[in-house]
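In what follows, a structure is listed as structure tokens, so that the remarks can point back to it.
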Amino acid sequence: MKPLIVTAALVGSLPQKSQNEFVPITPDELAADARACYEAGAAVVHVHARKPNGENTHDAAIFKEIHDKIKVAAPELIVQISTGGRAGVDFEDRSQGLFFNPEMASLTTSSCNFATSVYENSPQCVESLAKLMLEKNIKPELEIFDTSMILAAKDLLQRGLLKEPLYFNFVMGLKGAQEADCMQLAHLLSMLPEGSEWNISGVGRNQIVTTMLGIALGGHVRVGLEDNIYYSKGVPARNVDLVERVVRLAKEFGREIATPDEARKILHL
Ligand code: ZN
């Protein structure tokens, strides 16, 4: 099996310090977590931007500060910027973080429901984001919340808006979207274009199960406080704790951990 790419999703749109004091919010906190995760074995960090009060934003200046500070703290790391829609649904908002050329960005290919909201990704917005990433040579991580999103990704590929090999991230166990279940995973895998790479993220207590599946089946793994704020029941996690756990598990399975440069080769960055 190829070396395992570990992505640390340092902070998403939802976690707040009131839930877990270790949630990084400021660019300095994100850079410190990125450095610790890099030292523990992460090759990629996936980041969202927050205002100092914790609110979500796509503000380009904040994204740039986060990106630049991570690059100083851990120059080798791959930085992946979120274009997720919780901080605004329009292309103009969501493309802000792409204008200073991060190596990777997330791209959700279609819409679905979350527990209490609609996750809106209109065909026009998805197409515009994909085009901009293609022009700027930014590798999309295709965020898959349900089966139809793989079909949407294949459609983008057919229309020349994505370049192979595609890189998918299955987000599993989020209320309203697909379940964290090995039969669902088998179905997702059966749909991927030949030569694709895949990553798996489990939400909440599913994270440990999806981590094991990703390691065992030859995929890659995303962990971090965006998806799961607990190390175990009632015990708040730090990002680095979650990365260290994946690395220990992977060693037991005999999977090597990919350095950022090995990840660049695997993903054709
Ligand atoms: Zn995210």
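The values are calculated or read from the model by the stated rules, or taken from the named source; none is laboratory data. If you're wondering where the values come from, they're calculated on a predicted model, not measured in any experiment. Glycine gets a Cβ as well: all are built from the backbone with ideal geometry, and neighbour counts include every protein chain shown. Accessible surface areas use protein heavy atoms only, side chains included; no ligands, DNA or RNA. Shrake-Rupley method; radii C 1.70, N 1.55, O 1.52, S 1.80 Å.
Of everything in the stretch 32-50 that is within 15 Å of the ligand (Cβ to nearest atom) and in a loop (DSSP other than H, G, I, E, B), the residue that is farthest from residue 117 (Cα to Cα) is 42.
The combined condition, being hydrophobic (A, V, I, L, M, F, W, C), over 14 Å from residue 84 (Cβ atoms) and within 17 Å of the chain's Cα centre (by Cα), is not fulfilled by residue 145. If the condition is being more than 24 Å from residue 258 (Cβ to Cβ) and either in contact with a Pro (Cβ under 7 Å, 6 or more places away or on another chain) or free of Cβ contacts under 8 Å to residues at least 12 places away in the same chain (or both), then the stretch 69-109 contributes only 92. Quick check, is residue 149 in contact (Cβ under 8 Å) with a residue 24 or more places away in the chain, within 16 Å of the ligand (Cβ to nearest atom), hydrophobic (A, V, I, L, M, F, W, C) and touching a strand residue (DSSP E or B) at 6+ places or on another chain (Cβ under 6 Å)? It is false that residue 149 is in contact (Cβ under 8 Å) with a residue 24 or more places away in the chain, within 16 Å of the ligand (Cβ to nearest atom), hydrophobic (A, V, I, L, M, F, W, C) and touching a strand residue (DSSP E or B) at 6+ places or on another chain (Cβ under 6 Å). Among the residues making up the stretch 89-110, those that are open to solvent by less than 50 Å² (accessible area, probe 1.4 Å) and either within 16 Å of the ligand (Cβ to nearest atom) or among the polar types (S, T, N, Q) (or both) are 94, 95, 97, 98, 102, 104, 105, 106, 107, 108, 109, 110.
Pairs linking a residue in the stretch 174-196 that is over 18 Å from residue 220 (Cα atoms) to a residue that is part of a helix (DSSP H, G or I), with Cβ atoms under 7 Å and 6 or more positions apart or on different chains, are 178/184. Selection within the stretch 74-130: residues that are more than 19 Å from the chain's Cα centre (by Cα) and of a type in the set (A, V, I, L, M). The member of this set that is nearest to residue 41 (Cα to Cα) is 115. Quick one: which of 121, 53 is farther than 30 Å from residue 259 by Cβ, in a loop (DSSP other than H, G, I, E, B) and without any contact (Cβ under 8 Å) to a residue 24 or more places away in the chain? Answer to the selection: 53.
For residue 45, are the conditions met, namely being touching a residue at least 12 places away in the same chain (Cβ under 8 Å), open to solvent by 50 Å² or more (accessible area, probe 1.4 Å) and among the aliphatic types (A, V, I, L, M)? Taking the combined requirement at face value, the residue does not satisfy it.
Restricting attention to the stretch 21-31, the residues being in contact (Cβ under 8 Å) with a residue 12 or more places away in the chain, part of a helix (DSSP H, G or I) and out of contact with any helix residue (DSSP H, G or I) (no Cβ under 7 Å at 6 or more places or on another chain) number 0. Residues considered: 5, 66, 78. Of these, the only one that is more than 30 Å from residue 216 (Cβ to Cβ), crowded, with 19+ Cβ neighbours inside 10 Å and either within 14 Å of the ligand (Cβ to nearest atom) or aliphatic (A, V, I, L, M) (or both) is 66.
Hey, can you tell me all the residues within the stretch 1-24 that are more than 17 Å from the chain's Cα centre (by Cα) and within 21 Å of residue 65 (Cα to Cα)? The answer is 16, 17, 22. Checked against (1) more than 24 Å from residue 140 (Cα to Cα); (2) without any contact (Cβ under 8 Å) to a residue 60 or more places away in the chain, residue 237 passes all but condition (2).
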